[in-house]
Amino acid sequence: ELKVEQNPLFLSMQEGKNYTIYCNYSTTSDRLYWYRQDPGKSLESLFVLLSNGAVKQEGRLMASLDTKARLSTLHITAAVHDLSATYFCAVPNKIKISNFGNEKLTFGTGTRLTIIP
Amino acid sequence: KAGVTQTPRYLIKTRGQQVTLSCSPISGHRSVSWYQQTPGQGLQFLFEYFSETQRNKGNFPGRFSGRQFSNSRSEMNVSTLELGDSALYLCASRVGSYTNTEAFFGQGTRLTVV
């Protein structure tokens, strides 16, 4: 059974600092997703990582994927208050039925990030 | 392009009642998945529907059921509600092909069981 672990669970950091969130998963996958969730809100897609060595950047966030190590990182550069949220990584389980595939996402536990002025 | 629409946004129900939640996927998307989010268990997969057929199911009791209509809209039903069913229920839509299709989430339905 696929397991996805994130660390840290909670992260409190000062504005302007850098930090990295880690996502480890237990079985082979060639894709990984990062989502952001604000309190009481839905999941906002941040990054779709489609292959080994994939690196994507959007503003102060950069995500990477190492499929051999089964590890993804979400790096925050020069944090600002607006980045305060909970961040989830998610790994798809692909199950092929007939000619149509389907999959389910297994989510990490989430990292609650608080940026302190 | 409209996003994933879930209704209602909030619900309060009593133990023992049943509830039906609705999800309209993005136009052209044929796959709809449902997830339950609670503080204790996190985000857990409930089931996925594609072409009106349930394709995959998570580890939830039979009280949780769903269906998908020909227009790809989906409903999930929870019967004999328990306090532990209080959660944010999220629906996600995908185009539906086998690979490399991103899931887009709706705003969710916040269910409170009292």
Check: How many of the residues in the stretch B:41-64 are open to solvent by 30 Å² or more (accessible area, probe 1.4 Å) and either touching a residue at least 60 places away in the same chain (Cβ under 8 Å) or within 11 Å of another protein chain (Cβ to nearest Cβ) (or both)?
Finding: 8
Checklist line | Sole residue being free of Cβ contacts under 8 Å to residues at least 24 places away in the same chain, polar (S, T, N, Q) and surrounded by fewer than 16 Cβ atoms within 10 Å (Cβ to Cβ), chosen from A:SER64, A:SER26, A:SER45 | finding: A:SER45
Checklist line | Selection within the stretch A:13-46 - more than 22 Å from B:PRO39 (Cβ to Cβ) and either of a type in the set (Val, Ile, Thr) or facing chain B (nearest Cβ under 10 Å) (or both) | finding: A:THR20, A:THR27, A:THR28, A:ASP30, A:ARG31, A:SER45
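From the list B:GLY16, B:GLY96, which one is closer than 29 Å to A:SER51 by Cα, of a type outside the set (Ser, Thr, Tyr) and not in a strand (DSSP E or B)?
The conditions single out B:GLY96.
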Margin query: For the structure I just gave you, tell me whether A:GLY59 is within 19 Å of A:THR28 (Cβ to Cβ), out of contact with any Asp or Glu (no Cβ under 8 Å at 6 or more places or on another chain) and either surrounded by 13 or more Cβ atoms within 10 Å (Cβ to Cβ) or modelled with pLDDT of 95 or more (or both).
Written below: no
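Which of the residues that make up the stretch B:65-83 are in contact (Cβ under 8 Å) with a residue 24 or more places away in the chain and out of contact with any strand residue (DSSP E or B) (no Cβ under 7 Å at 6 or more places or on another chain)?
Residues satisfying the conditions are B:SER79, B:THR80.
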Next item on the list: Give the number of residues within the stretch B:90-114 that are touching a residue at least 24 places away in the same chain (Cβ under 8 Å) and either farther than 12 Å from B:LYS13 by Cβ or more than 14 Å from chain A (Cβ to nearest Cβ) (or both).
Entry: 16
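Please state which one of B:GLY28, B:GLY108, B:GLY84 is over 15 Å from the mean Cα position of the chain (by Cα) and at positive phi. Show your work before the answer.
Details: B:GLY108 fails: over 15 Å from the mean Cα position of the chain (by Cα); B:GLY84 fails: at positive phi.
None of the other options fit; the residue is B:GLY28.
The values are calculated or read from the model by the stated rules, or taken from the named source; none is laboratory data. What you see is a predicted model; the values in this text were computed from it and never measured. As a convention, Cβ positions derive from the backbone with ideal geometry for all residues, glycine included, and neighbour counts pool all protein chains shown. Accessible surface is based on the protein model in full, side chains and every heavy atom, while ligands, DNA and RNA are left aside. Shrake-Rupley method; radii C 1.70, N 1.55, O 1.52, S 1.80 Å.
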